[in-house]
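What follows is a set of notes on a single structure, which appears directly below.
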Amino acid sequence: MTRPAHTRWPAETGDEASVRLGLRANLSQFILLAAVNFFVGGMVGLERTVTPLVGAEQFHLGEVAIAAFVVAFGFTKAITNAVGGALTARYTRKAILVNMKIDLIGPGRRGFALGINETAGYLGVAVTALATGYLAAWFGLRPAPELLGVGYVIAGLALSALAVRDTAAWARAEARQRPRQAGPHPSFRDIALRVSWTDRTLAAVSQAGLVNNLNDGLVWVVLPVLLVDHGVSVTGVGYIKALYPFMWAAGMIGTGHLADRIGRKPPIVSGMLIQAAGLAIITMGISHALAAGLAGAFLLGAGTSLVYPTLLAAVSDAAHPDWRAAALGVYRFWRDSGYAIGALIGGITAALASLDTAVAIAAILTAISGLLAWAFMHETHPPLAREATPADRDPLP
């Protein structure tokens, strides 16, 4: 049913002169989008705690078989993100639900706004990881935790369909404020090459996103089984698996604001190194599994809170609004491929060596990623400073 014209947003009426960028001016829509993100995070939290234990304890699957679920999840999410970013030029952002919070806010407080948004998502992960741990302990691994997920799906779909508005006009408003080089709009192939390889900064950001989710995917597959093998109860696993995303969520409002103050590069580099330290503590302290798991989860969450919204902000800074959605889609492709790659590395290493070795490999790869970001990434904030520097990449408009 078509809404009366007086109820439509400027994006729908063509009245783009009334569009205002910023969190305060678009607070109601931002809150709705953050709520949708909470429900999305809740679905991920359900999968993190319960799925590995269902595979191990009820279906008696080995680590490689359990990893196959996360591999499928990671590659599906990665491909969907890449395609979704490219399709925003053809379809509305609302139809695809991609890039919308970034459109509303504009460049000035992008890190802070993304911190709020990611906090909502990973608060959903944390709350649900804890809740499903209790549900599994009280009612069994199936089906009680999955019923919570059904409620999330219904609530998220209802909000998306009935309350969320399209934000293309906000992206066009920001585009008018930023100069772009003369020439045709870059093709998706050109954007993909730039984000993946030819632009050193965007390539450094992409590899950091991949490795961030690589260690997350590996921990997703390996950690619950490793902890149970060392005597931690299912409830204890729930505490540890909740602490990690809770720290992640609790920190991102502050770290997003920090990235707006000091730039994108310092939080990214330090966050990757802190994550590596958390993984190393889990490996070295596994004889005291519960304590090591809690300490490692604390550091993993703190490090990821520095990295996660800042990587998104860095890509958004470096990409012009005209092609930012496609650039973010490519970045998210590499980032979410990390889930699958991490699950594969974790499952295969655990099968051939040990669970402890799999976590140690993740620690090494995460430390290397932080050093690569330090060596190759240029600062991207504020965006105009980035655009004024000599290009280290193939020219694109």
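Miscellaneous remarks
- Note on Rg and Dmax of the Cα atoms in Å: of the candidates (1) 26.1, 99; (2) 20.8, 65; (3) 22.3, 69, the value calculated from this structure sits at (2).
- Report summary: the helix-based calculation at 222 nm, which adds -39500 (n - 2.57) for every DSSP H run with n ≥ 4 and divides by the residues of the chain, gives -25500 deg cm²/dmol.
- Under 15 Å, Cβ to Cβ, from Trp374 - net charge with Lys/Arg +1 and Asp/Glu -1: +2
- Once the gyration tensor of the Cα atoms in segment 300-345 is diagonalised, the equivalent ellipsoid follows with semi-axes of 22, 16, 5 Å, ordered largest first.
- Averaged over residues, the count of other Cβ atoms within 10 Å places the peptides 374-382, 125-133 in the sequence 125-133, 374-382, highest first.
- Extension gain (nm, one decimal) between Glu146 and Arg20, 0.36 nm per residue minus Cα-Cα: 41.3 nm
- Largest GNM mean-square fluctuation across Ala120, Ala158, Ala136, computed for the chain with C-alpha springs under 10 Å, falls on Ala158.
- Check: the chain dipole with +1 on Lys, Arg Cβ and -1 on Asp, Glu Cβ, in debye: 1040
- Label sites at Ala158 and Ala175, each approximated as a point 7 angstrom past Cα along Cα to Cβ, lie 3.6 nm apart.
- Here the contact order of the chain, divided by its residue count and restricted to Cα pairs under 8 Å and six or more residues apart, works out to 29 percent.
- Residue among Gly254, Gly41, Gly346 with the largest mean-square fluctuation in a Gaussian network model of the chain, springs linking Cα atoms under 10 Å: Gly254
- With a Cα cut-off of under 23 Å and a minimum spacing of 8 residues unless on different chains, the lysine pairs in the chain number 4.
Laboratory data are not the source of any read-out in this text; all were calculated from the coordinates shown. Everything quoted here is computed from the prediction, not taken from an experiment. Cβ sites come from the backbone with ideal geometry, for glycine too, and all protein chains shown count toward neighbours.
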